[in-house]
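Data block below; observations after.
Every read-out reported here was derived from the displayed coordinates using simple, explicitly stated rules and does not represent laboratory data. From a predicted model like this one, the values you see are computed outputs, not experimental measurements. With ideal geometry, Cβ positions are generated from the backbone for all residues, glycine too; neighbour counts draw on all protein chains shown.
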Amino acid sequence: MASALGIGDVADRNVPIEQCAATILRAVDAGLNVIDTAPNYEDGYSEHIVGHALRGIRDRMFVISKVDELTSPVAPQVESSLARLGMSHTDAFVFHNLSDLDVFRALMEPGAGFDQLGHCVRRGLTRFRGVSSHNPDVLRAALDAGVCDVVMFPVGPFVDPRYVAEILPLARARGVATVCFKTFGAGKLLGDVSGYNQPLQLRPRGKLSSGGSDGAQAVLPRLGVEECVHYTLTLDPDVALLGLSFPNEQDEAFAAARAFTPLSAERMADVARRAVDARREKGPCWWNPDPDA
């Protein structure tokens, strides 16, 4: 059984591998058993970290990695990822950021990407295949085509409503696992960041504001960790994949999961309304078809 929360990318080449691995193990000790990585996260460093952290506990974890080069042969990419991970197989490989319908159609051609990834499944290099996408149209096409065991896409207080109204129920109906990200809107919903803990530039008022990881005080509207986590868990994806790079972020997220009870419709609407304000002036939301929405 998958844990309700999953471990998102933990990779920073400025941080020693032992420290990054310890961050992962802290989440494992809290009961999380799904972990996500990809070759292009810090140019392979993320996969090295995951492999290092999971030595001796590999059989307790569901490991997801990705095929980054969508138009290149699949098997060499899978084999290279497994070498960096130090594993004989992952639990899933997904096509990374497959968000263009024309590219999806090309991968569906006989002998192309999906067939190649299916061959990797038959070789025992991975158990399941799927897509990670920031386009509801691609996700719908992939689910209709029956080529996915798992789909990864945004779910949270600020995402395109089609992810929740259309893709989540369709995946459930097709028996396809849902591993969802953007609960915190790449950090935009929690603090004054343009994404993934990157601080905003100097604002006209002369204050440099940054996210909560360094303890700086945000000055723009924001949501709390608990209400973001509870919002996503109320929507009930199989796994809510969170970026958990710092112990304080982990503690707040774990506490929120432990305290979770589904939000009422009124509370969900309130969080979604305030999320619109919380992401304003913080850069584009590239996970939506209209990033400036």
Exercise. Tell me which residues, restricted to region 102-128, are aromatic (Phe, Trp, Tyr) and part of a helix (DSSP H, G or I).
Key: 104, 114
Practice problem: Look at region 68-112 and say how many of its residues are in contact with a helix residue (DSSP H, G or I) (Cβ under 7 Å, 6 or more places away or on another chain), of a type in the set (Gly, Ala, Ser) and under 22 Å from residue 43 (Cβ atoms). | Solution: 4
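Among the listed residues 239, 225, identify the single one that is touching a Ser or Thr at 6+ places or on another chain (Cβ under 8 Å) and at negative phi.
Details: 225 fails: touching a Ser or Thr at 6+ places or on another chain (Cβ under 8 Å).
So the residue among 239, 225 that is touching a Ser or Thr at 6+ places or on another chain (Cβ under 8 Å) and at negative phi is 239.
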Self-check item: Residues of region 56-90 satisfying the condition of being under 24 Å from residue 135 (Cα atoms), under 16 Å from the mean Cα position of the chain (by Cα) and not in a loop (DSSP other than H, G, I, E, B)
Solution: 63, 64, 65, 66, 67
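Taking the criterion of being assigned to a helix (DSSP H, G or I), more than 26 Å from residue 133 (Cβ to Cβ), in contact with a His (Cβ under 8 Å, 6 or more places away or on another chain) and touching a residue at least 24 places away in the same chain (Cβ under 8 Å), would at least one residue in region 21-39 satisfy it?
First, pick out the residues of region 21-39 that are assigned to a helix (DSSP H, G or I): 21-29.
Those left that are additionally more than 26 Å from residue 133 (Cβ to Cβ): 21-23, 25-26, 28-29.
From the residues that got through so far, the ones that are in contact with a His (Cβ under 8 Å, 6 or more places away or on another chain) too are 21.
With the extra rule that they be touching a residue at least 24 places away in the same chain (Cβ under 8 Å), the set shrinks to 21.
Yes, there is a match, as at least one residue in region 21-39 is assigned to a helix (DSSP H, G or I), more than 26 Å from residue 133 (Cβ to Cβ), in contact with a His (Cβ under 8 Å, 6 or more places away or on another chain) and touching a residue at least 24 places away in the same chain (Cβ under 8 Å).
Scan region 125-153 for residues that are among the hydroxyl-bearing types (Ser, Thr, Tyr), touching a helix residue (DSSP H, G or I) at 6+ places or on another chain (Cβ under 7 Å) and either touching a residue at least 40 places away in the same chain (Cβ under 8 Å) or surrounded by fewer than 18 Cβ atoms within 10 Å (Cβ to Cβ) (or both) and report the count.
Matching residues across region 125-153 total 1.
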